[in-house]
1. For region 216-252, what are the residues that are in a helix (DSSP H, G or I), among the polar types (S, T, N, Q) and surrounded by fewer than 14 Cβ atoms within 10 Å (Cβ to Cβ)?
2. Hey, can you tell me all the residues within region 532-554 that are in contact (Cβ under 8 Å) with a residue 24 or more places away in the chain and either part of a strand (DSSP E or B) or in contact with a strand residue (DSSP E or B) (Cβ under 7 Å, 6 or more places away or on another chain) (or both)?
3. Filter region 448-489 down to the residues that are in contact (Cβ under 8 Å) with a residue 12 or more places away in the chain and part of a loop (DSSP other than H, G, I, E, B), then identify the one that is nearest to the chain's Cα centre (by Cα).
4. Has region 651-665 got any residue that is of a type in the set (Phe, Trp, Tyr) and either surrounded by 23 or more Cβ atoms within 10 Å (Cβ to Cβ) or within 23 Å of Glu753 (Cβ to Cβ) (or both)?
5. Please enumerate the residues belonging to region 362-378 that are out of contact with any Phe, Trp or Tyr (no Cβ under 6 Å at 6 or more places or on another chain) and assigned to a strand (DSSP E or B).
6. Filtering region 253-275 down to residues that are in contact with a strand residue (DSSP E or B) (Cβ under 7 Å, 6 or more places away or on another chain) and not in a strand (DSSP E or B), which residue is surrounded by the fewest Cβ atoms within 10 Å (Cβ to Cβ)?
7. List the residue pairs whose Cβ atoms are under 8 Å apart, where the first residue sits in region 336-351 and is at pLDDT 90 or above and surrounded by 10 or more Cβ atoms within 10 Å (Cβ to Cβ), the second is outside any loop (DSSP other than H, G, I, E, B) and hydrophobic (A, V, I, L, M, F, W, C), and the two are 6 or more positions apart or on different chains.
8. The conditions are (1) modelled with pLDDT of 95 or more; (2) buried (at least 21 other Cβ atoms within 10 Å of the Cβ), and Ala142 fails exactly one of them. Which is it?
Amino acid sequence: MFKPNQRPGKHAVRALSLALSLALGSTALWTLPVQAHGGAATMVPMQKTLEAFGATVRWDSFANLYTITRNSTTVRVKPGSKTALVNGKPLALDVPLVLRKGQAYVAQGFINQVFQSGLDTTFVVERTPSPLNPLSAAEIQATVDILKTSGRYQPGYRFTEISVKTPPKDQVWNFALTGQPVQAPRQAAFVILDGKKVIEGAVDLAARKVVGWKEVEGAHGMVLLDDFAAVQAAIEASPEYAQALAKRGITDVKKVIGTPLTVGYFDGKDMLQQEDRLLKVVSYLDVGDGNYWAHPIENLVAVVDLVQKKVVKIEDQGIIPVPMKATPFDGRDRKATAAPKPLEITEPEGKNYTISGNTLHWRNWDLHLRLDSRVGLVLSTVTYNDKGTKRKVMYEGSLGGMIVPYGDPDAGWYFKAYLDSGEYGMGTLTSPIQRGKDAPENAVLLDATLADYSGKAATVPNAIAVFERYAGPEFKHQEMGQPNVSVERRELVVRWISTVGNYDYIFDWVFAENGTIGINAGATGIEAVKGVASRTMADTTAAEDTRYGTLLDHHIVGTTHQHIYNFRLDLDVDGEANTLTEVDPVVLPNTRGGPRTSTMQTTTRTVATEQEAAQKFDPATIRLLSNTAKTNKVGNPVSYQLIPYAGGTHPIAKGANFGQDEWIYHRLSFMDKQLWVTRYNPDEMFPEGKFPNRSKTDTGLGQFTANNQSITSTDNVVWLTTGTTHVARAEEWPIMPTEWVHALLKPWNFFNETPTLGLNRPAK
């Protein structure tokens, strides 16, 4: 279950309050000669105490008012007043806030009284746990204990996954809509690495027994966090690698930072043995500027065997001097500019949403959240309350997978085509969200629990942010001589961030009151750059050095690549029986007479099969996932429009920028088409396949669509591929402003009228 970050329980609050008081020292304490529960009140400095508690304190001299915010609680209190407003509701204080020598003081019990008042209703007790709730720390430990007592467990096992095994879909929907308990037992799924061997299975947590155990033939497991350390240790212990560094004037291997990179598949042309568990290592020099990415050790690649834990091959393609210019990205070398004036986002009456366990309710939307170790944020059982009727929209939505392929054929680059989620686990690499920078001040931050490679439960702090924002006018109209009619648009954003090496990826799921769901993917962090001989474009070497990229700095090229995201969207538009339809605006002759020679009309067709649905996106065509068995009030089928490209700030990736004979095509067809629709299968979860590391063939969408099933009035899954072709520019160096790409799911005749009409009118 999600927990709000730093939301302590009653006893924790009491302990923290006392500890802070003691930590402040006796000089900071004084006694107010008033009675508080029969005795004098011990007073502590308000700002210091509350900021140590994780709150923000602001003073408004004009209003003579202090505003205290912490996560989902907003407190407004005036000096001398015995009443505070907690999320807009009055709370009688045992002791008023007082000013002494210009400093505000509160009673030692102020934190307890205010933050345990019960006036913050953002977090609601989950009476019946959802069957989709992620495994708790206790359940993760139980899974490992059951495996250890089963007789199957061996020392040295490492886990790429321990996660909840979701019950059958129909049972989950029944629970979400009616509260009917699921019949399936609570189970944990696991994937184990045993050297080169991959084992997957499941544990029945109630029966405390292993109910699944299968060795996966020909699979290479994910790269785990301890592999990072193994790779670094291997290059530091290799005499051959030390010799290659020495040729480049590098004598201290401790200043060399290795990056563990998957090797891909090239049908033996890379001279690597397919059965070996290998990583390639491209290294960078730490020169003390905090940005080793700016100092690539070019043309040098080490191949590390993860079973032997040693360098087994070195590829040295010649010396290119390491770029040595100090290039910090944290501003340490820059003169600080004046901070902007504060921009405050306040919710003085509390949040418009509630969180019960892992279920989020906002306006007409209900949805379940969980963090997965592979794909990160997963949204489930998404419904829209339409005038009292909960209507199904989406059973499950998440990042399915993504790939970042580079276009440079040189030795240190040709194999770079990272499957960030399928090979590295983007959920495991979740980056904690910082309020006020990574998310607005009004965000609620939620911790999550995942299993690490050793099978231990680990808390992921600030894993997910939830916040509401103003998003412009929802609609507006001004009739001449009449009052203006307009309504503001509100959006609820659920944000998750993952850092995979040099890049940081921000994923937003954006819910609007009008029924649209936006999916925004932002890329930031640091460009993967190549060391070159050229200092400027005037150098004779520049044309060749920049054949595969852009010169960003002296001796630094940003190599052209792509960021291609695929989102798995198990849409159930008003039910499971859905059909893909296409609507094309067309120009046809005018057959009715009059001065016009042409007309604008539309043609509609049904997409019948999985292979017919797999296609490149033409923005002129309206693509709808429709429930043809249900109509709105005028008889049009209820639908959601599918828009893989709804705008972006980089050139779109219209497909994979590779020749058709590249092996990457044999392995990963998902990246070349923007729309896929497949018949629902609970075992088909990832567009690149379950075990894509070093895969020879497409075990994902290419395989899922091979039988070419009918998708007419069936339970279907939509896979939207979107992304950018990243041609580097100087403004992205040494750190890259966030570049966004947007996808959109939009109701299309799903409602009978404008769903936000009458938002500001009281219910009758």
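The values are calculated or read from the model by the stated rules, or taken from the named source; none is laboratory data. Just so it is clear, the structure is predicted and the values come from calculations on it, not from any experiment. Don't worry about glycine lacking a Cβ; one is built from the backbone with ideal geometry, like all the others, and counts go over all protein chains shown.
1. The initial filter retains those residues of region 216-252 that are in a helix (DSSP H, G or I), namely 225-237, 239-246.
Narrowing further to those that are among the polar types (S, T, N, Q): 232, 243.
Residue satisfying the conditions is Gln243 alone.
2. Quick first cut of region 532-554, residues in contact (Cβ under 8 Å) with a residue 24 or more places away in the chain only: 532-533, 548-550, 552-554.
If the condition is that a residue be in contact (Cβ under 8 Å) with a residue 24 or more places away in the chain and either part of a strand (DSSP E or B) or in contact with a strand residue (DSSP E or B) (Cβ under 7 Å, 6 or more places away or on another chain) (or both), then Val532, Tyr548, Gly549, Thr550, Leu552, Asp553 are the ones that fit.
3. Going through region 448-489, the residues in contact (Cβ under 8 Å) with a residue 12 or more places away in the chain turn out to be 448-457, 459-475, 486-489.
Right, trim to part of a loop (DSSP other than H, G, I, E, B) and you get 452-456.
On the way: Asp452: 18, Tyr453: 20, Ser454: 24, Gly455: 23, Lys456: 22 Å.
Restricting to residues being in contact (Cβ under 8 Å) with a residue 12 or more places away in the chain and part of a loop (DSSP other than H, G, I, E, B), the top hit is Asp452.
4. Step one: of region 651-665, the residues of a type in the set (Phe, Trp, Tyr) are 658, 663, 665.
With the extra rule that they be either surrounded by 23 or more Cβ atoms within 10 Å (Cβ to Cβ) or within 23 Å of Glu753 (Cβ to Cβ) (or both), the set shrinks to none.
Checking region 651-665: not a single residue is of a type in the set (Phe, Trp, Tyr) and either surrounded by 23 or more Cβ atoms within 10 Å (Cβ to Cβ) or within 23 Å of Glu753 (Cβ to Cβ) (or both).
5. Step one: of region 362-378, the residues out of contact with any Phe, Trp or Tyr (no Cβ under 6 Å at 6 or more places or on another chain) are 363, 366-375, 378.
Within region 362-378, Asp366, Leu367, His368, Leu369, Arg370, Leu371, Asp372, Val378 meet the criteria.
6. Going through region 253-275, the residues in contact with a strand residue (DSSP E or B) (Cβ under 7 Å, 6 or more places away or on another chain) turn out to be 255-264, 272.
So of that shortlist, the ones also not in a strand (DSSP E or B) come out as 255, 262-264, 272.
Numbers: Lys255: 16, Thr262: 22, Val263: 20, Gly264: 23, Leu272: 19.
Checking each candidate, the answer is Lys255.
7. Filtered contacts from region 336-351: Lys351/Val444.
8. With respect to (1) modelled with pLDDT of 95 or more; (2) buried (at least 21 other Cβ atoms within 10 Å of the Cβ), Ala142 is out only on (2).
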